[in-house]
Each structure stands twice: as C-alpha cells, then as structure tokens.
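This report refers to the structure that appears directly beneath it.
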Amino acid sequence: MTTSTAVRDPQKSSEPHLQFAALPYRRDNGLEVMLVSSLDSGRWIIPKGWPMDGLTGYETAAREAFEEAGLIGTIAPQSIGQFHYQKRRKNGAVWLCRVEVFPMEVTQQRKKWPEKHDRVTKWFSLEQAAELVREEELAAVMHQFAALQRVPQG
C-alpha cells in the first residue's frame, strides 16, 4: 500500500479516511496507557495521524506518539485493531475516519517534543483509559489488548 500525506477530498470518496495510531503503554504499576488531549475539544485520545510518505502505518504511529506526547519506545509492526470516529474539519465538514492501532511499549518520555505546549498527557490504568475515550471501538481495542497481555507466555 502506498501512503501519502495528501488527504482525500471527502466529496470524491465514500471510503473512511485512514489514520494510524499508537496505543502507548507501560507496565510500571500494572498495565497503564497514556492518553493525550485533542487539539480541538481537549477530550482524551491516543496519538494518531494521517499517513506519511515513506513511512509504514506503524512508523507513522510511532512518529505521532513522539510529536504529540514525546514518547519513545518499541512499536509493534502489526495493528491490534481499528476504530472509527468522525473528524470535524475547520470548514465544518465531517469526515468518517478509520484508525489502525499499533501497541507501543514506552521506554521514555522526552522533556521536550513538538506539541508539548498544545496537549496534556497523562498515564491511566487501562480500564480508566477505556472509560475516558469517547470511541467505543477504541475502548474495545484497549480491552482486547489487555486480555492479550494476561495470556501466559511460553
């Protein structure tokens, strides 16, 4: 699949607009997920963004995690699920977006990052994060991820 930074015209396609997201997690105090505030409404979301030329979906997700939250870590190359949401554009148009989610085990949060002064970041238990996000499909992806983490290895 070829990725592009160009965003499709919603009038020319009935397909949802594709985005890629990181599900940043750590295991310091049980399974925790970092959420970031959205730029428009301040609601809690996970770092996500549009496809970028030359980057795979998981590479795009990792870049968004750094730009939006200063996160560094190991991101899985396989999506663990997807969710849909409606994005309201500045011109009033509403786009349906499909977001592929890639888990990212966080090893550090930098002191400085591109959107530090634009967003709030906070660690939550996975259960609390799933309650705080608006998208039910995203909450379901979080719960599925948590269930996989409890499966004994070996």
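Each value in this text was obtained by applying a stated rule to the coordinates, not by laboratory testing. Treat the numbers as computed from the prediction; the structure is a model and nothing was measured. Note that we place each Cβ from the backbone using ideal geometry, even for glycine, and neighbour counts take in every protein chain shown.
Dividing the convex hull volume of the Cα atoms of region 65-154 by its residue count, what figure in Å³ per residue is obtained?
Values: hull volume 11.6 nm³, N = 90.
Given the Cα convex hull of region 65-154, per-residue volume reads 129 Å³.
Using the Kirkwood formula on the Cα atoms of the chain, what hydrodynamic radius do you get, in angstrom to one decimal? All intermediate terms of the calculation are to be shown ahead of the outcome.
Details: mean 1/r = 0.0630 Å⁻¹.
Taking every pair of different Cα atoms in the chain, averaging 1/r and inverting gives 15.9 Å.
Using the beta-carbon distance between residue 120 and residue 76 and R0 = 25 Å, what value does 1/(1 + (r/R0)^6) give for FRET efficiency, to the nearest 0.05? Don't skip to the answer; put the middle values down first.
Numbers: r = 26 Å, r/R0 = 1.02.
Using R0 = 25 Å, I get an efficiency of 0.45.
If I fit a long axis through the Cα atoms of helix 136-149 and take the longest principal axis of the Cα atoms of the chain, what angle between them do I get, 0 to 90°, rounded to 10?
30 degrees
Label-point separation (nm) for residue 149 and residue 94, each offset 7 Å from Cα along Cα-to-Cβ?
Each label point is offset 7 Å from its Cα along the Cβ direction, giving 3.3 nm.
For the chain, what number of Lys pairs, 8 or more residues apart or on separate chains, have alpha-carbon atoms under 17 Å from each other?
Count of close lysine pairs: 6.
Sorting 104, 34, 52 on the 10 Å Cβ count, fewest up front, what's the list?
On the way: 104 27, 34 24, 52 16.
Fewest to most other Cβ atoms nearby, the residues stand as 52, 34, 104.
Amide H to amide H, which residues 5 or more places from residue 23 or on other chains are under 5 Å from it, using H placed in the peptide plane?
Here 102, 104 satisfy the definition.
Starting with the fewest neighbours, write out 17, 117 ranked by other beta-carbon atoms found within 10 Å of each beta-carbon.
Details: 17 16, 117 7.
Going from least to most buried by this count: 117, 17.
Using only the alpha-carbon atoms, how far is helix 57-69 inclined from the longest principal axis of the chain? Give it as 0 to 90 degrees, nearest 10.
Taking the Cα atoms of the chain, the angle to 57-69 is about 80 degrees.
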